[in-house]
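For reference, the structure is listed below as structure tokens.
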Protein chains: 2
Amino acid sequence: MILSAERKIPADIVLKGGKVVNVFSGQIHKKDVAISAGKIVGLGPDYHGKKDININGKWVTPGLIDGHIHIESSMLPPSRLAAALLVHGTTAVVADPHEIANVTGISGIKFMLEDSDFIPFDTFFMAPSCVPATTLETAGATLRALDLAELKDETRVLGLAEMMNFPGVLMGDHDILEKILLFGDRIIDGHCPSLRGYDLQAYLTAGIRSDHESSDRLEGLEKMENGMMVMIREGTSAKNLEALLPLVKKGNARRFCFVSDDLHAEDIQERGHLDFVVKKAMRLGLDPITAVQLVTLNPAEYFGLKDRGAIAPGYRADLVVLDSLEKFKVNSVYKDGHLIVDNGALLHFPAGQKEASFIQSKPLNIARLTPDSFRIPHPGGKARVIELMPGQIITRMVHESLKSVDGWVLPDTESDTLKLCVVERHHASGRVGLGIVRGFGLRKGAMASSVAHDSHNVIAVGVSDDDIFRAVEAVRLIGGGLVVECDNEIIAQTPLEIGGLMSTQSIKTLVARLQGVKKAAFDLGCVLEDPFMALSFLALPVIPELKLTDRGLVDVNKFEIVPLFLES
Amino acid sequence: MILSAERKIPADIVLKGGKVVNVFSGQIHKKDVAISAGKIVGLGPDYHGKKDININGKWVTPGLIDGHIHIESSMLPPSRLAAALLVHGTTAVVADPHEIANVTGISGIKFMLEDSDFIPFDTFFMAPSCVPATTLETAGATLRALDLAELKDETRVLGLAEMMNFPGVLMGDHDILEKILLFGDRIIDGHCPSLRGYDLQAYLTAGIRSDHESSDRLEGLEKMENGMMVMIREGTSAKNLEALLPLVKKGNARRFCFVSDDLHAEDIQERGHLDFVVKKAMRLGLDPITAVQLVTLNPAEYFGLKDRGAIAPGYRADLVVLDSLEKFKVNSVYKDGHLIVDNGALLHFPAGQKEASFIQSKPLNIARLTPDSFRIPHPGGKARVIELMPGQIITRMVHESLKSVDGWVLPDTESDTLKLCVVERHHASGRVGLGIVRGFGLRKGAMASSVAHDSHNVIAVGVSDDDIFRAVEAVRLIGGGLVVECDNEIIAQTPLEIGGLMSTQSIKTLVARLQGVKKAAFDLGCVLEDPFMALSFLALPVIPELKLTDRGLVDVNKFEIVPLFLES
């Protein structure tokens, strides 16, 4: 390497004549980039390699780094997601594997590590800090500090993942402080929507150093001023770029980065990843080089990835060649000096290591069910009904009279009061949470899914107990996934064999199947833009106002289980 | 801490009403700073503590951090230097202990670690990479990769110190690459004066990430563009601030910091430390907050000191209160939340732990000498004479005829050709290097010193063998130090009992003694501004053009030992 830098021996590859984006100086220089043994060994006017590649007229940036992503949201395992992101110029992500951890604990995290090993893409992890997310639901695993300790030895585990339990931090919860202490010498990510003032200070005092939940400019400003790395999120469900971008200035740009948090496979295929965010940021007025800094040097420095995020001698040759900087159009991608994306297309990509062995756990561990498992006795009086808010993950609690027959609650398509169920699927406990939801608009059949944040029990909505039973049973049998049932028939399904969260298929196949179940839901009369995404958030008891877990209805404002019917 | 941040219990101390410099946002806000258990727990309009301190009208900055200093240059051990720097607002340094390592190897470094432990000041170290500096001199120790390995376990050792042997890096020297590999997961500091172009790239390819040797603006620019942390040096001998400051801009300021490298006790006492550099930078036009960033957040981020360098919740309460930001006048200093400097004066400061035991090694390990040890036979012909260049550490080689008597060379005050000797002092080998120097201007007597870069043998200059013998003998007996001798009498001395490099006295006493020996040298007729500093660089065989070690005269351009007299 040293000899190639001195030009005493030829470099392995030289990218010749490109416009190189320098994230240190904030300038663009026309220079050759010499690569040997996977590293950048020189930048200069006159390098030659065993292979010279003319990229005259093109731009070169460092490989993009996403500092906060939940891989499981893409429904792809790490290796499959890597393949999908590489064509968008991403060469590294820092992932919080808390979805799979909620299902299978440490073994799920180890699967994520193994599946992402030995691939031409860097997948770093943060140890999930909040598994389970609450005590109001049943998760597949509980991770205490002692469990997380063994993750510290993994070289790709960089620290403690988003500390979502900020009330717990503020109350000095012993378990939480133990986890924070354990990772005191590493990076600790935060998650504190709307936390401000003295509470924010208290949260930071614990050693937490980033946040990706700001949606308000003043909130983001306060967090930046208090030393947080403000991760500006632009994902599938949450989009904060427009609100927060005005905060980024030349003198403080190092305190920001762009992340995706949750990004669905369809979005990746249709709009892209960080390439899309950079493009949008430039369109909103950010200068191109600062935009690149926010997805390269800044996350690299924050996470202490000292040989990534820049194009300079001694750095890894993770490089993106662009046809256009303004349009951020990826032409080719080099990972550790190897061409992996050429002309926008992925070249040979190795399969992940452990997919096959991990998926043998199917079918799901659900206790024996019958249609009667979903019956709800009607005691008279009004019920607490979950009302969806279009395009939002918060719900409203409304009080309604429900129809009944023979003393049992009867779902009603007329008033759009359908039955919602959450079936515990980790321990075969037989626990089923039952409630009523308005907003799906199904006229017939049922939808069921093993993706239900954060514990990922099986959630189903339907017009009858029979339909719901058959949909849940189908999810169980395929080892998890998304199912649409109607008239005794499974009309569409997307198997998610890996923990009921991730598919073994390529992104292309997966997206086609996801479009299939979506269309099937529409065919049942569903009026929501994204039926399964809406369903997946109905079991999340930290988002107001009324949610359902396997333990029952949760009044989120009171943070307690409440009965379906009002006490008369 | 968390409870104090929330204001549920009072903080330990609250600094009320100060103008707080925010190195993240680049702004100044009037805020209370709440401190508990040594950490900053909150910034806000309305904190109260067990103790409230009104600092209305004053400024608060983070404690200053010097990213590159050789403690031994101050002739103070770490604990004494810490005391001297605290009053200037410095709360942390990153030191390369290569002077003491050249004398006593790992045990010297351990002394530095121990002496700086348990004091209210953070002394971090880099493992010396080049001990001995060359093969043309005899050092007290040789440190190979295996020796450095045990330092990696020390929590205050952050990486590998300045890699001075850049030719060795470029040639792929095995020993050097081994050291670099050993510290591949840590920070590796550089040292590469005038290295540019392909050679610079090659040097960087090895993983080296900083440099403090740029004296030229374009050189600094190139290094910054190539990803180096450019440490702008402003010390006693080298002053690069004026040349390099124009490089610092809002968009790239994170790539720079201010360091002192070598700083003498007198300079510390008279002008200060980083406070002086910041003040000078502001005078040269740098905005105050960026100047503060360069001595706080930037070195902290570069060295991965994640809870230092900023005023924010969760950071260490290392704080400087200033009477004036523009004049950077230090009023008080807090270290880990404790007031340590009040009204410009140091409060109680504990003594270092190991001073006493370490200094028992005296007297120096020198073989038996007599005045005859310094005799030089005169073979006739011209001699290679070292000619000092006023104010510089480079010398010229001039060819001169020398006087003689009875076949021996005779020093001559008339032509200012005095005798220069370097006596090996580590292994009692009896080796004495002999040469002739012009430029001191002594009319009588001799000066001798155990501070002689980089091997720190005893160096002496004098008008006669008797004078030189007595001066060297005095240095030996006091266990190292600086001595001025005349007419059979030691007229001034500064004992440096710690390895012959550092004093056990306070900075005040030390400076008085140093002024004493300087004055004594002037009294002998010395015409140099800093006689002992000039003497200390005459044994450094890496600085052109002619130098003297215990092994003889070194022609630095040829990098080889040459005889005193020209071959006729």
Next on the checklist: Using a Förster radius of 45 Å, what is the FRET efficiency between A:Val527 and A:Leu346 based on their Cβ-Cβ separation? Nearest 0.05, please.
Outcome noted: 0.75
Checklist entry - Got a sec? How would B:Leu420, B:Leu369, A:Leu322 order by Cβ neighbour count within 10 Å, fewest to most? => result B:Leu369, A:Leu322, B:Leu420
Checklist entry - Helix-derived [θ] at 222 nm for chain A: sum -39500 (n - 2.57) over DSSP H runs of at least 4, divide by residue count, nearest 500? => result -7000 deg cm²/dmol
Checklist entry - What's the extension gain from B:Lys327 to B:Arg271 if we count 0.36 nm per residue and subtract their Cα-Cα distance? => result 18.9 nm
Checklist entry - Can you give the extra length, in nm with one decimal, that the chain gains between A:Leu284 and A:Ala37 once fully stretched, where that is 0.36 nm per residue apart less the Cα-Cα distance? => result 85.0 nm
Checklist entry - Given A:Ala11, B:Pro97, B:Leu148, which one lies farthest toward the positive end of the charge dipole of the protein assembly as shown, if we put +1 on the Cβ of every Lys and Arg and -1 on the Cβ of every Asp and Glu? => result A:Ala11
Checklist entry - Using only Cα atoms, what Kirkwood radius does segment B:402-521 have, in angstroms? => result 14.5 Å
Item to check | Antiparallel DSSP beta bridges within the protein assembly as shown, percent to nearest 5 | outcome: 70 percent
Item to check | Förster radius 41 Å - calculated FRET efficiency between B:Asp487 and B:Leu566 (Cβ-Cβ, nearest 0.05) | outcome: 0.75
Checklist outcome for this item: Distances in nm between the label point of B:Ser506 (7 Å along Cα→Cβ) and its equivalents in the other copies, shortest first, are 7.8
Next on the checklist: Using a Cα-Cα cut-off of under 14 Å, which aspartates and glutamates could be cross-linked to B:Lys31, ignoring same-chain neighbours fewer than 8 residues away?
Outcome noted: A:Glu222, A:Glu225, B:Asp46, B:Asp52
Checklist entry - Going by how many other Cβ atoms sit within 10 Å of their own, how do A:Met533, B:Met1 line up, fewest first? => result A:Met533, B:Met1
Item to check | Only Lys, Arg (+1) and Asp, Glu (-1) charged, at Cβ; segment B:362-495 dipole about Cα centre in debye | outcome: 340 debye
Checklist entry - Put a point 7 Å out from Cα along the line to Cβ at A:Thr370; what are the distances to that point in the other copies, in nm, shortest first? => result 11.7
Checklist entry - Counting DSSP beta bridges with both partners in chain B, what percentage is antiparallel, nearest 5? => result 70 percent
Item to check | Translational diffusion of segment B:450-489, µm² s⁻¹ [Kirkwood Rh, Cα pairs; Stokes-Einstein; 10 °C; 1.306 mPa s] | outcome: 155 µm²/s
Next on the checklist: Longer than 32 Å from Cα to Cα, which of A:Lys239/A:Lys306; B:Lys239/B:Lys362; A:Lys279/B:Lys179; A:Lys50/A:Lys329; A:Lys306/B:Lys39 are they? Say none if no pair is.
Outcome noted: B:Lys239/B:Lys362; A:Lys279/B:Lys179
Checklist outcome for this item: Cβ-Cβ cut-off under 11 Å around B:Thr236, Lys and Arg +1, Asp and Glu -1: the net charge is -4
Next on the checklist: I want to make sure I understand the PRE zone here: with the label point 7 angstrom from the Cα of B:Ser506 toward its beta carbon, which residues in segment B:309-353 have backbone N atoms less than 17 Å away?
Outcome noted: B:340-352
Item to check | Where N is the number of residues in the protein assembly as shown, Cα Rg divided by 2.2 N^0.38 Å | outcome: 1.10
Checklist outcome for this item: Out of B:Gly184, A:Ala471, A:Ile65 - ranked by how far each Cα lies towards the positive end of the dipole of the protein assembly as shown, with unit charges on the beta-carbon of charged residues - the top one is A:Ile65
Checklist outcome for this item: Among beta bridges assigned by DSSP with both residues in segment B:212-357, the antiparallel ones amount in percent, to the nearest 5, to 75 percent
Next on the checklist: I'd like the mean, over residues of B:288-297, of how many other protein chain beta carbons sit within 10 Å of each residue's own Cβ.
Outcome noted: 1
Next on the checklist: Relative to 2.2 N^0.38 Å, what does the C-alpha radius of gyration of segment A:362-470 come to as a ratio? Two decimals please.
Outcome noted: 1.05
Next on the checklist: Measuring nothing but label to label, 7 Å from Cα along Cα→Cβ, what are A:Gly407's distances to the other copies in nm, shortest first?
Outcome noted: 13.1
Next on the checklist: Testing the spin-label approximation: label points 7 Å from Cα along Cα→Cβ at A:Asp466 and A:Ser194. State their distance in nm.
Outcome noted: 4.4 nm
Checklist entry - Once you charge only the Cβ atoms, +1 for Lys and Arg and -1 for Asp and Glu, what is the size of the charge dipole of the protein assembly as shown about its Cα centre, to the nearest 20 debye? => result 1480 debye
Next on the checklist: What lysines does B:Lys558 reach when the alpha-carbon gap must be under 21 Å and sequence neighbours fewer than 8 apart in one chain are set aside?
Outcome noted: B:Lys382, B:Lys547
Next on the checklist: Report the rotationally averaged projected area of chain B based on its alpha-carbon convex hull, in square nanometres.
Outcome noted: 25.3 nm²
Checklist entry - Which aspartates and glutamates does A:Lys403 reach when only Cα atoms under 12 Å apart count, and residues fewer than 8 places away in its own chain are ignored? => result A:Asp412, A:Glu414, A:Asp416
Checklist entry - Separation of segment A:50-81 and segment A:368-446 by C-alpha centroid, Å? => result 43 Å
Item to check | Ratio of Rg to Rh over segment A:1-142 (Cα coordinates, Kirkwood Rh, two decimals) | outcome: 1.15
Checklist outcome for this item: Exposure proxy check on A:His338, B:His273, A:His453: fewest-to-most Cβ neighbours within 10 Å is A:His338, A:His453, B:His273
Checklist entry - Between A:Ile543 and A:Gln27, what is the spin-label point distance in nm, taking each point 7 Å from the Cα along the Cα→C-beta axis? => result 4.7 nm
Checklist outcome for this item: 1/(1 + (r/R0)^6) with r = Cβ-Cβ of A:His427 and A:Glu178, R0 = 22 Å, i.e. FRET efficiency to nearest 0.05, evaluates to 0.30
Checklist entry - For A:Gln392 and A:His338 in one chain, what is 0.36 nm times their gap in residues minus the Cα-Cα distance, to one decimal in nm? => result 15.2 nm
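Coordinate-derived values only; no laboratory data. As the structure is a computational prediction, the values presented were derived from the model and not from experiment. All Cβ positions, even for glycine, are placed from backbone atoms using ideal geometry, and neighbour counts span all protein chains on display.
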